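Student: This is the structure, below, for whatever I ask next.
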Number of protein chains: 4
Amino acid sequence: MAVVIIILKSEVTEDQIQHVIERVEALGMKAHLSRGTYRTIIGVIGDEQKIGAEPLRAIPGVMDVIPVLPPYKLASREAHPQASIVDVGGIKIGGGNLAMIAGPCAVEEPERMMDIAAAVKKAGANIYRGGAYKPRTSPYAFQGSGEEGLKILREAGDAHGMPVVTEVMDPRCVEIVDQYADMIQIGARNMQNFVLLTEVGRTRKPVLLKRGMSATIEDLLMSAEYILSQGNSQVVLCERGVKGFDKVTRNLYDVAAVAVVKGLSHLPIIVDPSHATGRPDLIPPCALAGVAVGADGVHIEVHDCPERAKSDGPQALLPRQYAELVTQIRKLAELFGKTISTIGPEKAA
Amino acid sequence: MAVVIIILKSEVTEDQIQHVIERVEALGMKAHLSRGTYRTIIGVIGDEQKIGAEPLRAIPGVMDVIPVLPPYKLASREAHPQASIVDVGGIKIGGGNLAMIAGPCAVEEPERMMDIAAAVKKAGANIYRGGAYKPRTSPYAFQGSGEEGLKILREAGDAHGMPVVTEVMDPRCVEIVDQYADMIQIGARNMQNFVLLTEVGRTRKPVLLKRGMSATIEDLLMSAEYILSQGNSQVVLCERGVKGFDKVTRNLYDVAAVAVVKGLSHLPIIVDPSHATGRPDLIPPCALAGVAVGADGVHIEVHDCPERAKSDGPQALLPRQYAELVTQIRKLAELFGKTISTIGPEKAA
Amino acid sequence: MAVVIIILKSEVTEDQIQHVIERVEALGMKAHLSRGTYRTIIGVIGDEQKIGAEPLRAIPGVMDVIPVLPPYKLASREAHPQASIVDVGGIKIGGGNLAMIAGPCAVEEPERMMDIAAAVKKAGANIYRGGAYKPRTSPYAFQGSGEEGLKILREAGDAHGMPVVTEVMDPRCVEIVDQYADMIQIGARNMQNFVLLTEVGRTRKPVLLKRGMSATIEDLLMSAEYILSQGNSQVVLCERGVKGFDKVTRNLYDVAAVAVVKGLSHLPIIVDPSHATGRPDLIPPCALAGVAVGADGVHIEVHDCPERAKSDGPQALLPRQYAELVTQIRKLAELFGKTISTIGPEKAA
Amino acid sequence: MAVVIIILKSEVTEDQIQHVIERVEALGMKAHLSRGTYRTIIGVIGDEQKIGAEPLRAIPGVMDVIPVLPPYKLASREAHPQASIVDVGGIKIGGGNLAMIAGPCAVEEPERMMDIAAAVKKAGANIYRGGAYKPRTSPYAFQGSGEEGLKILREAGDAHGMPVVTEVMDPRCVEIVDQYADMIQIGARNMQNFVLLTEVGRTRKPVLLKRGMSATIEDLLMSAEYILSQGNSQVVLCERGVKGFDKVTRNLYDVAAVAVVKGLSHLPIIVDPSHATGRPDLIPPCALAGVAVGADGVHIEVHDCPERAKSDGPQALLPRQYAELVTQIRKLAELFGKTISTIGPEKAA
């Protein structure tokens, strides 16, 4: 059920007012007329699908249409007042449980993937990441290793007791990614790829949904709604920077978005200071800021030899830098009564 | 062949300099060292794919890496100094030929689609548009009529002698859209959907590539490069507004982008003031500005009853408003020695 | 008189509703309560100064406060339905009369200023510009030549029959600038320097008010209102680019702003493609776009030797480039039934 | 001393190269030519003032000019490797000492100012704030109480042992503000009011310089350089949000800017989550994020009755909310080995 307020133009005629009401009621929605001394207003209550589909703003005499309830429903706090906890292969995210997602940008050679897995696990990571399908702005850049990469990632995760997350870009690859991964990532450039959102919504795997570079928080929650509306309730959001005007950082890291989402939605939200800043020196302070503002986890690129990384090397932390950071995050988490998730004995067994 | 300049840190050591050169040469690229009194620089020349794949910035001692040739090649003016002309079912776009693309946002009922086609054709449109698959921010909004819509659009175009353009969102639908349409549109939200770009690149249909809301012009040209690199040289770009901070218009209409693209690339570029502004009152002046700055065409939503449109009604012009606008565009085009394209007798026959 | 609508929270209590009404009425404003089945609304009508000063949004139970009339009054179309025409030393701006403002960024040596004046006058300029006080981001850059510069500018303008415009940055310099100039410019960085706006509002000289780099159109009109509210009705607005994310141009040239301002305000508005783009190659097409969208004039930096300019040389046109552009602008103006202003015989005499 | 690299166009001629070198050397700068196989480069080293004043980019044959040293000098880390500590009436800011600046947006009635001072002091504030001169977007809004306000603020600060900070907008008021305040604030809208920066640079009072809404970090440091270059070394920077596209918050809070500034400059930097977010519910989490990212203090608006505040009431915290927040900030500070500053016994005595 959605609610909007139609504000009529000051010079609106009686005929136009009647026309607006007729149009609204013809669509099976309720109209509530309120005449002021200076301005007439019509409240509209009705089915979201209908209101969304109808260009009320185009009816003659209408000045503006103001929504008073958010256009998303399943993602809203109202629908689910308690914070949701998403379980990724035994690692809980949300409700005081922090995800520490780490790993290289792209899946590397098997041995290197094992080494990095060992290093990040030791450092305190609880979910392992790596891209088998890479969105690259250049068609001439490395595009990822495909299914072979999925296997390598899975084996490295299993060998070191970490569930794995990897990105999917092609709706035709959702099935195979679903077979290998514990969590499916939708990248920032695909946040409004509604075909892909619908497809991952049909799986029952947790989804890591990254915010698009020019997406409002409402856009982000609407994209989550796409997934939720297909029956998949396991969505974790991720703030990773929006487009800014200052090229001193790759993107503009929007930590307030975390606090805003916490007010509007029950879904967990983590931060990704690697992609937000694009600079290793800024990752540790920005990760701490993310935890302090209330994020349910931190996603960081870690590589044991950034200059040989297949993708995005310059923004990766070294394992020892990551270990130092996790130590600080752990203390910060304690201060806020939170803990870095670990796999419980039943799962680990 | 790409060229970059590596600027080394002021405190770089001899060992680091040698290490950078070794790394560059080990990759089969040429390094050219230039020692200044205050700063040492290494020029790198090599295969684009290799340079793109290598995180030179992550090598110790490197301060910055500055590209001196653009990362796109097939899309560049250097590669193709003459302006390209794209042929869409007999309508030429570019090189002084203007496309007048018009039609409703979404494909409507067959009769209405016929009526609108007749109206825009009469007004001066030369390509008919309508969405059969709609990217909607809300999963509860009208999602398009699918193949049925493609047929309706095709028939309306044929009946009134206009080639048709329609959007594709799903790589699995490229084949069917290719069967019905004369031009395939990639929407702004999919500008960096590299899977989809690759798929339309494999067809031999003209592609209308809309600029993403936070895409730089280099991003746009790199996305064109994806299509071109698959062997499809028929790409038309479209400026349709970028994300701005002032909500008085839907997006920020970037006409300078048209002039910038003209300098960097041979590809035609048109403007879409409907999506750029989201306000019918601003469409005519902004369309004229687009033609004045050098655009190769104008894409406008036209509907004979905006308040009953299935999608985006409020931003559509009425047919008579569109006709007035085309009259003005025609005069402006003449002033610049351009013409609105028509299908030649051989094609029309 | 201003009007706002207060939307109350869904969980608002009766006591809170009464409290809001009491607060509104205690301030001498009228409150109009409208209870819906799902949402209660209070319309407020009252003196602008009071509404502006009162934090209605902070009253318990209030969800949102929506203005339904613009916060500016003297600058609004409602207050003055006819387009205003501003007279700058005999040159009319607005109402179909185009200003062609041209000259170097900073005032140069007297001889050079005479040469450039002769060149731009011959090319078709009707107002001469040059900065005697320069806002520079670096304290180490050339800061302008002060009163000496004002004299040089004045003499060059007089010698060639052009009124002159120059920027003021310091409220203590308004008086002296007023003595020498025919029009006082407020630069983009000072658009919200309310002290300076108030000071120029107290003169009776035409003011050229440039839009700030992150100013909304409402912000711009509010700044004009500052000047108008002091009794100076001679305000000409100027679009000169807003902050954007793509560094390919200096700023993002917002031509739609011209059309938006035309709808909201009676004040003339011109465009400045020099500062908007920062690139000479983009100035001509962007100037034409500005005239096509409805601007009342064009402000362009012209210098006869850009590489020796004291400031902003790289974005200046050469006199012959400017002459070609004015020829094109003249044709475009004719198409739209406008003319480039000239000083009438009575003034010129 | 500044250093730039001039990159020449690929088609540059020998004559053009010589011309560039001559122009550079004629200006007393050193040119260092470096011919590559594909690209020729000229390094330029010289006096900042000269390089800044010269439009090297406008010389024929020049493709780009890239600065390799920052254009600010006194503000840079290179010039002053140790973190600066600014002393505001006995309260240290920087070097592990946190400023807790709190108070109402505008100076209120004397009694209320005393009450709020008592409340924030008890809560843990160490510097008291309040605006006597208010930058308001509307000429009809409350503009501040002037010198009367300065007195009220001073008395409230003295009565409760807190130094005071207040904004100055008019260069003619710097002297009087200097008489009353312990720290002079330059607001975001005046960050590039170079006249005002120069004027406060001539005092010896600490300056709180707020980042403009569309200012890059380099812009901010250049504005600090204005103040420093006048001999006033007591500058504290303040991140308070930049212009963003999502209206869910007033501005976009850029915490990464704090970490970036720490790398580039020795100056202390604090955060202002009140103006950055404009929403009381977001202030506490965003304040904590600011401290976690490394800020040297937090600036927060506190009012005991936000709905009766003379300005910006809706974004103020209540005293008890502020007290809770300071308790959390104190714990966070301890974790990072920092302390909230207090006036030492010698000063307090």
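The values are calculated or read from the model by the stated rules, or taken from the named source; none is laboratory data. Predicted, not measured: the structure shown is a model, and the values here were computed from it. Every residue, glycine as well, gets a Cβ built from its backbone with ideal geometry; the counts of neighbours run over all protein chains shown.
Student: Yes or no: D:VAL165 over 28 Å from D:ALA125 (Cβ atoms) and either at pLDDT 95 or above or not in a loop (DSSP other than H, G, I, E, B) (or both)?
Tutor: no
Student: Criterion first (within 14 Å of chain C (Cβ to nearest Cβ), closer than 30 Å to C:LEU197 by Cβ and outside any loop (DSSP other than H, G, I, E, B)) does D:LEU150 satisfy it?
Tutor: Spelling it out, it is not the case that D:LEU150 is within 14 Å of chain C (Cβ to nearest Cβ), closer than 30 Å to C:LEU197 by Cβ and outside any loop (DSSP other than H, G, I, E, B).
Student: Is it the case, given these coordinates, that A:ALA123 is of a type in the set (A, V, I, L, M), in contact (Cβ under 8 Å) with a residue 40 or more places away in the chain and under 26 Å from A:THR327 (Cβ atoms)?
Tutor: For A:ALA123, the condition - of a type in the set (A, V, I, L, M), in contact (Cβ under 8 Å) with a residue 40 or more places away in the chain and under 26 Å from A:THR327 (Cβ atoms) - is met.
Student: Filter segment C:250-273 down to residues that are over 13 Å from the mean Cα position of the chain (by Cα) and among the aliphatic types (A, V, I, L, M) and give me whichever is surrounded by the fewest Cβ atoms within 10 Å (Cβ to Cβ).
Tutor: Filtering segment C:250-273 for residues that are over 13 Å from the mean Cα position of the chain (by Cα) and among the aliphatic types (A, V, I, L, M), the one surrounded by the fewest Cβ atoms within 10 Å (Cβ to Cβ) comes out as C:LEU264.
Student: Here is a follow-up. Out of segment A:170-191, which residues are within 14 Å of another protein chain (Cβ to nearest Cβ) and in contact with a Gly (Cβ under 6 Å, 6 or more places away or on another chain)?
Tutor: Matches in segment A:170-191: A:ALA188, A:MET191.
Student: Residue pairs, Cβ under 7 Å, 6 or more apart or interchain, first in segment D:303-323 and more than 11 Å from chain C (Cβ to nearest Cβ) and over 16 Å from D:LYS121 (Cβ atoms), second assigned to a helix (DSSP H, G or I) and of a type outside the set (Val, Ile, Thr). List them.
Tutor: Nothing qualifies.
Student: If you don't mind, another one. Any chance you could count how many residues in segment D:123-151 are crowded, with 23+ Cβ neighbours inside 10 Å and of a type in the set (A, V, I, L, M, F, W, C)?
Tutor: Number of matching residues: 4.
Student: Here's another thing I want to ask about it. Residues being touching a Lys or Arg at 6+ places or on another chain (Cβ under 6 Å) and either of a type in the set (D, E, K, R) or surrounded by fewer than 23 Cβ atoms within 10 Å (Cβ to Cβ) (or both): count how many of those fall in segment D:69-107.
Tutor: Here the count works out to 4.
Student: Oh, and also: May I ask you to verify whether C:TYR226 is buried (at least 24 other Cβ atoms within 10 Å of the Cβ), in contact with a Pro (Cβ under 7 Å, 6 or more places away or on another chain) and closer than 23 Å to C:PHE194 by Cα?
Tutor: Yes, satisfied.
Student: Would you call A:GLU167 within 12 Å of chain B (Cβ to nearest Cβ), surrounded by 19 or more Cβ atoms within 10 Å (Cβ to Cβ) and not small (Gly, Ala, Ser)?
Tutor: When the stated conditions are applied, A:GLU167 passes them.
Student: Moving on. Residue check, A:ALA289 against (1) aliphatic (A, V, I, L, M); (2) in a helix (DSSP H, G or I); (3) away from every other protein chain (no Cβ under 11 Å), all met but one. Which one?
Tutor: A:ALA289 satisfies all of (1) aliphatic (A, V, I, L, M); (2) in a helix (DSSP H, G or I); (3) away from every other protein chain (no Cβ under 11 Å) except (3).
Student: Please determine, by comparing only the residues of segment A:27-43 that are at pLDDT 65 or above and assigned to a loop (DSSP other than H, G, I, E, B), which one is nearest to the other protein chains (Cβ to nearest Cβ).
Tutor: A:ARG39
Student: Going through segment C:179-195 one residue at a time, which ones are of a type outside the set (Asp, Glu), within 25 Å of C:ARG154 (Cβ to Cβ) and not in a helix (DSSP H, G or I)?
Tutor: Of everything in segment C:179-195, those that are of a type outside the set (Asp, Glu), within 25 Å of C:ARG154 (Cβ to Cβ) and not in a helix (DSSP H, G or I) turn out to be C:ALA181, C:MET183, C:ILE184, C:GLN185, C:ILE186, C:GLY187, C:ASN193.
Student: Same structure, new question: For segment B:292-349, enumerate the residues that are at pLDDT below 90 and in a helix (DSSP H, G or I).
Tutor: B:PRO306, B:GLU307, B:ARG308, B:GLY313, B:PRO314, B:GLN315, B:PRO345, B:GLU346, B:LYS347, B:ALA348
Student: I would also like to ask the following. Limited to segment C:249-260, what total is found for residues that are in contact with a Pro (Cβ under 9 Å, 6 or more places away or on another chain) and either under 24 Å from C:LYS73 (Cα atoms) or not assigned by TED's automatic domain parsing to the domain that holds C:LEU220 (or both)?
Tutor: Number of matching residues: 4.
Student: Does A:ASN190 satisfy the condition of being surrounded by 22 or more Cβ atoms within 10 Å (Cβ to Cβ) and in contact with a helix residue (DSSP H, G or I) (Cβ under 6 Å, 6 or more places away or on another chain)?
Tutor: yes
Student: Within segment C:1-12, restricting attention to residues that are facing another protein chain (nearest Cβ under 9 Å) and closer than 13 Å to C:PRO60 by Cα, which residue is modelled with the highest pLDDT?
Tutor: Checked segment C:1-12; the qualifying residue modelled with the highest pLDDT is C:ILE7.
Student: A further question follows. Could you please let me know if A:GLU239 is of a type in the set (D, E, K, R) and out of contact with any strand residue (DSSP E or B) (no Cβ under 8 Å at 6 or more places or on another chain)?
Tutor: no
One line per residue, one yes/no per condition, for (1) at pLDDT 90 or above; (2) within 24 Å of the chain's Cα centre (by Cα):
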{"site": "D:GLU14", "(1), (2)": "no, no"}
{"site": "D:GLU25", "(1), (2)": "no, no"}
{"site": "D:ILE45", "(1), (2)": "no, no"}
{"site": "D:ILE59", "(1), (2)": "no, no"}
{"site": "D:VAL62", "(1), (2)": "no, no"}
{"site": "D:PRO71", "(1), (2)": "no, yes"}
{"site": "D:ALA83", "(1), (2)": "yes, yes"}
{"site": "D:TYR128", "(1), (2)": "yes, yes"}
